[in-house]
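The values are calculated or read from the model by the stated rules, or taken from the named source; none is laboratory data. Since the structure is predicted, the reported quantities are computational estimates derived from the model, not experimental observations. Cβ sites come from the backbone with ideal geometry, for glycine too, and all protein chains shown count toward neighbours.
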Amino acid sequence: MSSALLWRKKASNLPVKAESRYPVIVLLTMAFLLVIFGIFCLADVLAPYDYRAQSLRQRLMPPVFLGGTSAHLLGTDELGRDILSRLLYAIRFSILVALGGTAIGALVGTVLGFLAAHFRGFVEEVIMMMADVQASLPFMLIALALIAAFGGSFMLFILIMGFYGWEVFARLTRGVVISAKGQGYATAMTALGAPPFYIYTRHILPNILSVLVVQFTLNFPQVILLETSLSFLGLGIRPPLTSLGQMLGAGRAYLTTAWWIAVLPGTIIFLTTVSISILGDWIRDRLDPTLRGAGS
Amino acid sequence: MNGRLLTTKLIRGVLTIWLIVTFTFIALNLSGDPIEALVGDQASPAVMAYYRQKFGLDRPLWEQYISYLGNIIRGDFGLSLSDQKPAVELVIAALPYTLRLGLTSFIGGLVVGLVFGIIAALHRNSTLDRFIMGFAVLGFSLPNFFLGILLILLFALHWRVLPSAGADSAWHLILPAVTLGTHFAGIFARFARSTMLEVLNKQYMVAARAKGAPHFRRVFWHALPNAAIPIVTIVGLKLGDLVAGSIIVETVFGWPGVGRLLVGAITSRDFAVVQAILIMVAVTMVLTNFAVDFIYTLIDPRMRTASQGGR
């Protein structure tokens with residue numbers, strides 16, 4: 001077993017030196033994600049222009065590194081809107097949708113998982129069957145069907161994103177709660193006469209929180225990808241709001257004349273997802289206590 | 001698979017499909033008036049009533065539901081609102097394109113991923129290994145819509161060597177298939193590598209070495225068959241990704257398959273087509289899960305003895 005685990009430490013795709021605590025690439029991804037988070041918080045302060053302000057005289061201007069002016073560092077789009085400002089807001093909207101969607105999914109899934117573990121029997125059967133149904137279809141298809149039926153307002157879109165991944169939270173929670181209920185501390189609280197709700201929220205939830213947090217970080221980048229894909233198709237976040245996928249989709253029509261409109265937001269999506277997966281691999285290797293001693 | 005397990009899975013599968021059919025019916029009825037979407041809100045009541053009757057929307061809800069179920073069992077998903085053809089016909093006309101693109105990229109990605117994943121595992125921690133795994137991470141982190149656009153920019157607009165849209169010739173298949181296949185190559189390479197490494201660490205590999213089996217025989221005779229078992233599972237699981245991926249890639253490259261049909265149908269609120277695709281995909285996924293379970297028992301002798309002895 002221990003020899004099987006040895007390679008997993010080494011199998012990490014990072015060029016890890018055994019003695020360095022933070023490999024360069026991990027530091028880079030951390031820095032990048034911090035910048036993205038900073039933009040999410042401060043987009044309105046950082047943006048030089050209103051992201052909706054049009055200026056038809058200054059359409060399709062190139063970025064400054066392709067001979068543009070310093071007035072629009074990353075150029076302008078087909079309506080003369082400042083691309084830098086739009087990018088900053090697009091990051092804010094994309095992160096907002098991903099955070100909101102993941103939070104809703106985590107909350108609903110966790111509550112349903114608790115319900116399944118508490119009531120067992122019929123309730124559990126129904127909840128787990130719904131989870132199975134959802135897991136058996138690609139979520140993209142479910143999201144498209146919901147959008148087709150109910151249209152594409154912003155709040156509704158966040159709700160639909162919240163549908164993603166609830167079944168994983170529900171399964172996880174149900175499993176951990178059932179095993180936690182069998183442990184001494186929960187039985188002791190029941191014997192002392194504590195109501196189930198109190199035991200769940202005060203005693204069991206803190207014990208399973210770490211599992212849920214890990215799942216949250218796994219779910220988050222997937223919701224970003226889902227949102228950008230749907231917005232790219234023109235079925236997610238729609239104008240006048242913007243998101244990274246929406247910018248990329250809209251810029252597709254100008255590939256021949258102004259390729260940067262599509263490539264800039266695409267690069268940010270790519271760097272974000274690749275950073276999260278590199279960082280995630282690294283954290284998993286570090287947090288897994290069975291691997292910690294094996295590597296050195 | 002023993003009889004009881006098979007029956008449970010069968011019931012679950014049928015239940016899944018029934019729930020999805022019911023869900024589409026509910027969504028259809030909650031989503032507003034399709035007739036208004038078809039003829040516009042300026043149309044006269046007589047015209048509206050005519051279409052309502054034509055599509056059977058004037059009957060009570062439960063009656064609509066029963067006939068809806070009956071129609072779907074007969075394979076009748078209704079008429080496409082936009083061009084009055086049966087929705088099934090539109091989907092079936094688009095299906096060969098989707099299959100051609102999907103199978104090419106899936107099998108291509110599988111072969112490339114497995115070969116490079118196994119090479120990486122056999123040269124663990126070498127520069128070659130790091131190089132392959134670096135590419136694998138890039139491959140599955142690149143969102144397919146972005147990769148598609150980059151490929152169009154380079155190969156169709158900059159170098160002008162490949163067409164960027166349409167499905168007229170085999171050349172048209174290259175860019176979309178590479179876009180869709182890259183994702184799978186990345187995922188399968190990583191998975192094949194870790195599975196292979198796990199197998200290579202097993203006692204029976206040491207035994208094979210000890211009895212003097214040559215390297216080639218150890219890899220192909222002892223390691224690969226054992227690594228194949230988890231790989232079959234992940235291949236089945238990734239089929240959903242293929243469906244989602246082809247929706248995007250077909251739209252990017254103007255590929256006339258089911259994915260593009262779906263996006264078009266949603267934009268024009270053509271529900272007959274949307275539900276036909278939804279239900280057909282659901283049936284395909286349920287059947288695939290069966291197939292994966294079945295193949296699993298075929299290739300893993302342990303599963304057979306476990307299901308005979310157990311329960």
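Things worth noting here:
- Top-ranked residue in the stretch B:195-207 [being at pLDDT below 90 and not aliphatic (A, V, I, L, M); ranked as nearest to the chain's Cα centre (by Cα)]: B:GLU198
- Residue list for the stretch B:103-149, restricted to those being of a type in the set (Phe, Trp, Tyr) and under 25 Å from the mean Cα position of the chain (by Cα): B:PHE106, B:PHE116, B:PHE135, B:PHE140, B:PHE145, B:PHE146
- Just one residue in the set A:THR217, A:THR228, A:THR187 is closer than 26 Å to A:ILE261 by Cβ and either in a helix (DSSP H, G or I) or modelled with pLDDT of 90 or more (or both); that residue is A:THR228.
- Given (1) of a type in the set (A, V, I, L, M); (2) farther than 20 Å from B:GLY257 by Cα; (3) crowded, with 20+ Cβ neighbours inside 10 Å, index of the condition B:VAL112 fails: (3)
- Number of the exception - B:LEU153 against (1) within 12 Å of chain A (Cβ to nearest Cβ); (2) buried (at least 18 other Cβ atoms within 10 Å of the Cβ): (2)
- Tally, over the stretch B:270-311, of residues that are out of contact with any Ser or Thr (no Cβ under 9 Å at 6 or more places or on another chain), at pLDDT below 90 and β-branched (Val, Ile, Thr): 7
- Selected residue (only one of B:LEU142, B:LEU128, B:LEU162, B:LEU138 is away from every other protein chain (no Cβ under 11 Å) and either surrounded by 15 or more Cβ atoms within 10 Å (Cβ to Cβ) or within 21 Å of B:ALA244 (Cα to Cα) (or both)): B:LEU162
- Residue list for the stretch A:124-155, restricted to those being surrounded by fewer than 19 Cβ atoms within 10 Å (Cβ to Cβ) and away from chain B (no Cβ under 12 Å): A:GLU124, A:SER153, A:PHE154, A:MET155
- Single residue of the stretch A:35-84 satisfying the filter (polar (S, T, N, Q), surrounded by 12 or more Cβ atoms within 10 Å (Cβ to Cβ) and without any contact (Cβ under 8 Å) to a residue 24 or more places away in the chain) that is farthest from A:ALA258 (Cα to Cα): A:THR69
- For the stretch A:233-273, the set of residues classified as within 22 Å of B:PHE140 (Cα to Cα), in contact with a Lys or Arg (Cβ under 8 Å, 6 or more places away or on another chain) and either surrounded by fewer than 20 Cβ atoms within 10 Å (Cβ to Cβ) or facing chain B (nearest Cβ under 10 Å) (or both) consists of A:ALA262 only.
- Selected residue [out of contact with any Pro (no Cβ under 9 Å at 6 or more places or on another chain) and in a helix (DSSP H, G or I)] from B:ALA272, B:ALA213, B:ALA244, B:ALA282: B:ALA282
- Considering residues of the stretch B:234-269 that are more than 14 Å from every other protein chain (Cβ to nearest Cβ) and modelled with pLDDT under 85 only, the residue nearest to B:TRP171 (Cα to Cα): B:VAL235
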